[in-house]
Amino acid sequence: MASHKARVKEAIINNVLPTSVPLAGTVVDMFCCPLINATHKLGVPSYLFFMCNVAFLSFMLYLSKVDGSRLNSVAEPRRGVE
């Protein structure tokens, strides 16, 4: 996908920006994240489209909370245990 950055930037400059309708932003999915830099250099905001359901998003949030609490409990030594 990184090899297409120049083509996408050129397409936006030649086909989209000259029109009378301003470009509000670009929407990319997880596999097109390298294209965010190409549109950012043009001053166009990018939005990430993450296709999943609410249950998966809440599970990801739960995992990040569990992982963070586990790291803190492992990093701190237990008192009274030798």
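Considering only the stretch 6-59, state which residues are in a helix (DSSP H, G or I) and in contact (Cβ under 8 Å) with a residue 24 or more places away in the chain.
Initially, the stretch 6-59 is screened for residues in a helix (DSSP H, G or I), giving 6-16, 30-32, 35-41, 54-59.
Matches in the stretch 6-59: 6, 8, 9, 12, 13, 31, 32, 35, 37, 38, 39, 41.
Number of residues in the stretch 13-24 that are within 23 Å of residue 3 (Cα to Cα) and exposed (fewer than 11 other Cβ atoms within 10 Å of the Cβ) equals 2. Of all residues in the stretch 61-76, one or more are surrounded by fewer than 12 Cβ atoms within 10 Å (Cβ to Cβ), outside any helix (DSSP H, G or I) and modelled with pLDDT under 85.
The values are calculated or read from the model by the stated rules, or taken from the named source; none is laboratory data. Nothing here was measured: the structure is a model prediction, and the numbers come from that model. We place every Cβ from the backbone using ideal geometry, glycine too, and count neighbours over all the protein chains shown.
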